[in-house]
Amino acid sequence: MTDPKQERLDAHRVDPKDTALTTDQGIRVDDTDNSLTLGERGPSLLADFHLREKLTHFDHERIPERVVHARGAGAYGRFQVYESLAEYTSAEFLTDPSLETPVFVRFSTVAGSRGSADTVRDVRGFATKFYTQQGNFDLVGNNMPVFFIQDGMKFPDFVHAVKPEPHNEIPQAQSAHDTLWDFVQLQPETTHMMMWLMSDRAIPRSYAMMEGFGVHTFRLVNAEGRATFAKFHWKPKLGKHSLDWDETQKIAGKDPDFNRRDLWDSIEAGAYPEWELGLQLVPAEDEHKFAFDLLDPTKIIPEEEVPVRPVGKMVLDRNPENFFAETEQVAFHIGNVVPGIDFTNDPLLQARLFSYLDTQLIRLGGPNFTQLPVNRPVAPVANHHRDGYHQTEIHQGRAAYHPNTLSGGCPVVGGSGSFTHFPEQADGRAVRKRSESFADHYGQATLFWNSMSDWEKGHIVSAFRFELGKVETMQIREGVVANLNHVDHELAVKVAEGIGVAPPEEAVPTGTTASAVTASPALSQDGQPAETVTGRKVAVLVADGVNGAQVAAVRDALTAEGAFCEVLAASDGTVEDAGGGAPVEVDRAMATMASVLYDAVVVPGGERSVQTLLGSGDAVHFVAETFKHCKTVAALDEGVELLEKAGAASADSDAASQGGVVTGRGDTGDFTGELIKAVAAHRVWTRDKDHIAA
Ligand code: HDD
């Protein structure tokens, strides 16, 4: 009798010579399914080296997850500077426009464990490793330009507060709990960052639709040794866009890998994510010209005060081969800088200089993690570091010390192109004291609030209400409201009204050192450039009897623009074309997907198809939910009836005036053009009256 398992294996077998299964010693194995036993029903034998080795290796497969930023996804790409920045820096990758520098980027959430959902409310890490000819430069930033605390001394306190509570390890990957907000109420320096965290920046639609920030003020140093202060920015080509809060909650269940999958799929499809690197440059002599301290990481330099100069472009165009080897083992370190880039005395940055190397030692099990392929520089490495766990180099020669004659004095030290620390003048007494220039915790939180559109303000109020509504201790809610009153009285009152706290009766003074600008349009996500649908995902709902020509036209138009178009029906397979043409291929069974996984829905015409969809609770819900989340809903011919039934359009309404509702008849020409425009515009946030009025 034939064995079905063997038949299936034989059918997929490649040349067995190259694929023989071996032990770690290279010995070919005759059976990897059955332990070696004494008789068929007898005890297992210690002599079974294959079993023991297989289990031992498996038992040791895990390494400690990152203490923060455990959940992440990465990709390779390239960076190129537009024109030489030699006036500011001697870093070759920033001065030679002909150089293409390979990069690896890892995006992450901060609080959750490795297996937590992507779409939680959190800061996103945006860490870039530039493999430059002069060595690795790591820009270890976030998608928000400020941080929770001013001094690295507070980092363990902050992280302990935001992580799941220690007694019951609840909640996972959430900031909505007592310990975080207790810390926040007592540490008002968190206020500015909490405004960002409560804004839609904390729930990005895609990594490719996020800004990135180096946060700290760095120092660029040119070949003559002249220093310029610099803030690093990443500006996404696709604009900065976010999800709807209700949507994120549902995605966390429907597809916890939502952002990771989006990055992977976009790269596989050739829709490569792209950012411009931008610099805010401040001459050294202007260090004290601002209303805040450049060394304070809870402050931005408003772009309206110092413009962001676009200096280069990064494209991510290759997915890793193996998640563990590359994305999990990549080791970033803010101390990895190349000549021409240097640090400042920002006390948060200074503490980070210690922490990153320290953490890699425990996480990656010894000092040789720099030899792992993803961490290895493209620049040659030569020094007297020797031995240690997992040493993969076979070092040559007798001299592992400097100076030496036995190796001809090699490797030589110094010379042109070597890193020289900026000779900053420093003088003072050893003190534990926060600088007075860091004292204002509210001014820029107010600037952020004042820069938001109405719908963004509505989302922020709702987020505070949600988060504080989960806080069990009333006194903590009250403390946060008291802090918010220093940001904006109306904000504090609205938040208080939603969480059972007595609203503050009168306004109190807000911060003093905001900046020269009182509102910064660059902080808002309103009115983003809407020129592209690259990476967007559109669902097309169909059943037997659909207008197949319309499905094809919609699919062709969207894919030509770099969007993903998926046809959904009650089950996989095909559906009949109303015109008697070839059956229409179904990409997904509706039950396996949900509206929250798409940016828009299209209902093509076809009498029979639409009648079936009208009778399907799933289909009606799909359209209604798409509409509720402020996305584009579109229909052709009879399909409009489904929009009406879902409450997304009414027969006598002027569809165009509703925004994000696209309808058409018969011919798909204008329809697909309008559809693409609407999808590119992301969302019609003003549709969500509940939250704006909150
Ligand atoms: Fe950090 C990881 C970004 C403050 C200590 N951090 C980590 C990652 C990012 C950031 C993106 C993940 C890197 C990856 O993908 O592997 N961290 C920031 C930013 C900060 C910041 C933008 C403030 C401006 N971090 C910060 C402080 C400390 C740390 C103040 C400690 C004093 N961060 C760490 C760490 C991690 C880390 C414990 C955990 C895993 C790792 O380093 O490799 O060392």
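The values are calculated or read from the model by the stated rules, or taken from the named source; none is laboratory data. The model shown is predicted, which means the values in this text are computed figures rather than measured ones. Note that each Cβ is placed from the backbone with ideal geometry, even for glycine, and that neighbours are counted across all protein chains shown. When the accessible area is computed, the model is the full protein with side chains, heavy atoms only, and any ligands, DNA or RNA have been set aside. Shrake-Rupley method; radii C 1.70, N 1.55, O 1.52, S 1.80 Å.
General remarks:
- Residue match in the range 111-129 (condition: surrounded by 20 or more Cβ atoms within 10 Å (Cβ to Cβ), assigned to a helix (DSSP H, G or I) and more than 14 Å from the ligand (Cβ to nearest atom)): no
- Residue list for the range 337-351, restricted to those being open to solvent by 20 Å² or more (accessible area, probe 1.4 Å), in a helix (DSSP H, G or I) and either of a type in the set (Phe, Trp, Tyr) or near the ligand (Cβ under 8 Å from one of its atoms) (or both): ALA351
- Any hit, the range 235-248, residues being of a type outside the set (A, V, I, L, M) and within 16 Å of the ligand (Cβ to nearest atom): no
- Selection from the range 130-156 of residues that are within 9 Å of the ligand (Cβ to nearest atom) and either modelled with pLDDT under 95 or assigned to a strand (DSSP E or B) (or both): ASP138, VAL140, GLY141, ASN142
- Whenever a residue of the range 214-230 is touching a residue at least 24 places away in the same chain (Cβ under 8 Å), its partners that are within 16 Å of the ligand (Cβ to nearest atom) and among the polar types (S, T, N, Q), lying with C-beta atoms within less than 6 angstrom and at least six residues away or across chains, give the pairs THR217/THR344; ARG219/THR344; PHE229/THR217.
- Residue within the range 93-102 that is hydrophobic (A, V, I, L, M, F, W, C) and buried (at least 21 other Cβ atoms within 10 Å of the Cβ) present: yes
- Selection of strands (runs of 3 or more DSSP E) fully inside the range 209-325 by the criterion of at least 1 residues being under 23 Å from ASP122 (Cβ atoms) returns 227-236, 274-283, 309-318.
- Residue-level check: of (1) within 16 Å of the ligand (Cβ to nearest atom); (2) open to solvent by 60 Å² or more (accessible area, probe 1.4 Å), ASP296 misses just (2).
- The residues listed here are ASP151, ASP157, ASP178; of these, the one that is surrounded by fewer than 21 Cβ atoms within 10 Å (Cβ to Cβ), without any contact (Cβ under 8 Å) to a residue 40 or more places away in the chain and touching a helix residue (DSSP H, G or I) at 6+ places or on another chain (Cβ under 9 Å) is ASP157.
- Subset of the range 352-385 (residues that are open to solvent by 50 Å² or more (accessible area, probe 1.4 Å) and more than 9 Å from the ligand (Cβ to nearest atom)): LEU361, ILE362, PRO367, THR370, PRO373, ARG376, VAL378, PRO380, VAL381, ALA382, ASN383, HIS385
- Candidates ASP15, ASP59, ASP48, ASP24, filtered to the one that is more than 16 Å from the ligand (Cβ to nearest atom), outside the structural domain of LEU357 (by TED's automatic domain parsing) and modelled with pLDDT of 95 or more: ASP24
- Residue count for the range 89-112, restricted to those that are over 15 Å from the mean Cα position of the chain (by Cα) and touching a residue at least 12 places away in the same chain (Cβ under 8 Å): 14
- In the range 206-264, residue nearest to VAL140 (Cα to Cα) [restricted to those that are surrounded by 21 or more Cβ atoms within 10 Å (Cβ to Cβ) and among the hydroxyl-bearing types (Ser, Thr, Tyr)]: THR217
So that you can scan it fast, the table gives a plain yes or no per residue for (1) more than 27 Å from THR190 (Cα to Cα); (2) within 26 Å of the chain's Cα centre (by Cα):
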{"site": "PRO283", "(1), (2)": "yes, no"}
{"site": "ALA325", "(1), (2)": "yes, yes"}
{"site": "VAL330", "(1), (2)": "yes, yes"}
{"site": "GLY340", "(1), (2)": "yes, no"}
{"site": "LEU349", "(1), (2)": "no, yes"}
{"site": "THR359", "(1), (2)": "no, yes"}
{"site": "LEU372", "(1), (2)": "yes, yes"}
{"site": "ASN383", "(1), (2)": "yes, no"}
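- Lone qualifier among PHE126, PHE130 - being within 25 Å of PHE438 (Cβ to Cβ) and not small (Gly, Ala, Ser): PHE126
- Residue within the range 69-76 that is farther than 17 Å from MET314 by Cα, within 16 Å of the ligand (Cβ to nearest atom) and open to solvent by 70 Å² or more (accessible area, probe 1.4 Å) present: no
- Here the condition is being more than 16 Å from the ligand (Cβ to nearest atom) and at pLDDT below 95; of GLY388, GLY414, it holds for GLY414 alone.
- Single residue of the range 326-336 satisfying the filter (part of a loop (DSSP other than H, G, I, E, B) and within 9 Å of the ligand (Cβ to nearest atom)) that is surrounded by the most Cβ atoms within 10 Å (Cβ to Cβ): ILE334
- Residues in the range 54-74 include at least one that is in a strand (DSSP E or B) and in contact with a Leu (Cβ under 6 Å, 6 or more places away or on another chain).
- Just one of the listed residues (ALA649, ALA563, ALA634) is open to solvent by less than 30 Å² (accessible area, probe 1.4 Å), assigned by TED's automatic domain parsing to the domain that holds ALA680, within 19 Å of ARG683 (Cβ to Cβ) and free of Cβ contacts under 8 Å to residues at least 24 places away in the same chain, and it is ALA649.
- All positions within the range 371-426 that are in contact with a Pro (Cβ under 8 Å, 6 or more places away or on another chain) and polar (S, T, N, Q): ASN383, SER418, THR420
- Options GLY388, GLY397, GLY415, GLY408: the member that is touching a helix residue (DSSP H, G or I) at 6+ places or on another chain (Cβ under 9 Å) and over 25 Å from VAL68 (Cβ atoms): GLY388
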